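Only one structure is covered here, and it is reproduced in the block below.
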Amino acid sequence: MNRRIIILTIVVMTMALIGLMVIQFYWIRNTSVVRENAFKRSITEMLPKVVKKIERMEKKKATEVNPNEGMLSFTRHMSYETFLTASHLDSLVRQELTVLGVDMKFEFGIYNPQRNIFLVESNPESKQDLIEKGYAARMFIGDIFTSPEYLLIYFPREKQFLLTEQWGILLISIILIIVIVYSFTYTITTIFRQKKLSEIKNDFINNMTHEFKTPISTISLACEALNDRDVNKSTEFMQSYLNIIQEENKRLAGMAEKILQTAVIEKGQLKMKREQINLHDVIADVIKNIRIQVEIKDGVIRRFFRAENPVISGDRVHLTNLVYNLLDNANKYSPKKPVITIRTENTSSGIVLTIEDHGIGISKSEQKKIFDKLYRVHTGNIHEVRGFGLGLSYVKAIVEEHKGKISLESEVNKGTTFKVFLPFNEPKE
Ligand SMILES: Nc1ncnc2c1ncn2[C@@H]1O[C@H](COP(=O)(O)OP(=O)(O)OP(=O)(O)O)[C@@H](O)[C@H]1O
Ligand SMILES: [Mg+2]
């Protein structure tokens, strides 16, 4: 996919997500306002019912005390102590709240603003709150001889009560948004990873074609030469061309083997033939094979076999390839005279093999990636060194198969040191 299209998709998706979030929060806010208003209305409608009940109680008491006065309602109402206690009023209010389905702490009182006194009250400390934030309903409206009195109710936890009803929706919305954002990021990173992978694969195919082309054309040239009558006559010439063909053929086989080996590792079908191996012998063999390539470049390989016990349990072929790959890299990535140092040392549980070069080095950010399959550092065209990017991933797989460890220290333009630890025996699991 085109990079610009991907970026455009990301921008559009992000904007759509933000839009969705804004709408979601707008709706939640809206619902909370609607709920708040509904609550306020229901409480305001409930209060007159309580007031009516109180008035009825007063009337009943008044007729009890003075049966003849029942009809003369112009008089002042009776004082509250005679017919209404705070706990009685509490239960009256509670009854009505239960009908509304509101189960929440409340304070109440009957207040006369003109005289600024509470005639009945639930809690002397909440007077101020009742006056400032309480719901009110006028009492004894027909009682023209007393200054207005109000029944007040105040809910100290009203805001939290209304919010808790919203919590569920808010929480679900937040969870859903997190899920969407996570999936979105995951998708985008996957797209980028796939893109990178396809680039790497392309590089690999280009590289491979190039690598195979050289020996193939050398072989075909050698074959042409062999067909030549003059060459045919001289056994010396013939032998040298045959040697070339053999060498190039070996190279081709080696490359094919490397690619096949990686496929085997990928499938987890790597087979180990364990035996007791002298690591010093293995290293010496590899050095013998690679020495010419180093010496052509005027380089040297120095070795310091310091391990007193160089014998470990391992697979000879794979360990040989491991050492070969590390030495091959040390040589390949040393553009001038390669100076390669190999050291072995014993620890209590195994051998540490160190391979040091003074080549181009690897930057910190690349160091994490070089063990990835097919990964190659882009060096530009200055040090055009061919390779598949398979060597180190193979090395790592072999080290892990032997239950060992691999690490490196490197500085750009100074050199690189690979350190491989191999245990004497595979630890019992
Ligand atoms: N000793 C080293 N010095 C500098 N860079 C190195 C060294 N060893 C490895 N690298 C970097 O790490 C990359 C990966 O190495 P690896 O051996 O896996 O692949 P390769 O050498 O490119 O190809 P292959 O080994 O498959 O032929 C190399 O392309 C190179 O950029
Ligand atoms: Mg390599």
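Structure values in brief
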read-out	value
Reference-scaled alpha-carbon Rg (2.2 N^0.38 Å with N residues) for segment 68-207	2.20
Of all accessible heavy-atom area on segment 3-156, the percent that carbon and sulfur account for (1.4 Å)	59
The chain - share of DSSP beta bridges that are antiparallel (%, nearest 5)	85
Computed E for Ile200/Asn2 - FRET, C-beta separation, R0 22 angstrom, nearest 0.05	0.75
Whichever lysines have a C-alpha closer than 19 Å to that of Lys258, once near sequence neighbours (fewer than 8 apart) are set aside	Lys201, Lys213, Lys250, Lys267, Lys271, Lys273, Lys332, Lys373, Lys396
Glu384, Glu36, reordered so the largest accessible area comes first (probe 1.4 Å)	Glu384, Glu36
Of all accessible heavy-atom area on segment 163-266, the percent that carbon and sulfur account for (1.4 Å)	65
Residue-span extension gain [Gln246 to Val311] - 0.36 nm each, minus C-alpha spacing	20.0 nm
Size of electric dipole in segment 63-152: Cβ of Lys, Arg +1 and of Asp, Glu -1, about Cα centre, debye, nearest 20	180
Mean separation of Cα contacts under 8 Å, 6 or more apart, over the residue count of segment 274-423: relative contact order %	24
Using a Förster distance of 35 Å, the FRET efficiency for Phe145-Thr44 (Cβ separation, nearest 0.05)	0.85
Rg/Rh (Cα only; Kirkwood hydrodynamic radius) as it applies to the chain	1.46
Local electrostatic count, Ser334, Cβ distance below 10 Å [Lys/Arg +1, Asp/Glu -1]	+3
Relative contact order of the chain, defined on C-alpha pairs under 8 angstrom at six or more residues apart (%)	10
Volume in Å³ per residue [convex hull over Cα atoms, computed for segment 3-156]	145
For the chain: accessible area per residue (Å², 1.4 Å)	63
Residue-count net charge about Phe237 - beta-carbon cut-off 12 Å; Lys, Arg +1, Asp, Glu -1	-1
Segment 1-93: trypsin sites (Lys or Arg not before Pro) in DSSP coil with no more than 16 other Cβ atoms inside 10 Å	Arg76
Cα pair distances of segment 163-266 binned at 5 Å [whole percent]	2, 10, 10, 11, 9, 8, 7, 6, 6, 5, 5, 4, 4, 3, 3, 2, 2, 1, 1, 1, 0
Percent RCO, i.e. relative contact order, over segment 3-156, from Cα pairs under 8 Å lying at least 6 residues apart	24
Net charge of Cβ neighbours under 9 Å - reference Tyr154; Lys, Arg +1; Asp, Glu -1	-3
Efficiency of FRET from Cβ geometry, Ala136 and Arg29, R₀ 35 Å, rounded to 0.05	0.80
Whole-number Å³ per residue for the convex hull built on Cα positions in segment 283-387	125
The chain, dipole about Cα centre (Lys/Arg Cβ +1, Asp/Glu Cβ -1), debye to the nearest 20	520
Convex hull projection area averaged over all views, segment 118-162, Cα basis, nm²	3.8
Given charges at Cβ of Lys, Arg, Asp, Glu: segment 274-423 dipole, positive-most of Ile277, Thr416, Gly350	Thr416
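The values are calculated or read from the model by the stated rules, or taken from the named source; none is laboratory data. Being a predicted model, the structure only gives us computed values, none of them experimental. Neighbour counts are summed over all protein chains in view; Cβ atoms, including those assigned to glycine, are modelled from backbone coordinates with ideal geometry. Accessible surface is based on the protein model in full, side chains and every heavy atom, while ligands, DNA and RNA are left aside. Shrake-Rupley method; radii C 1.70, N 1.55, O 1.52, S 1.80 Å.
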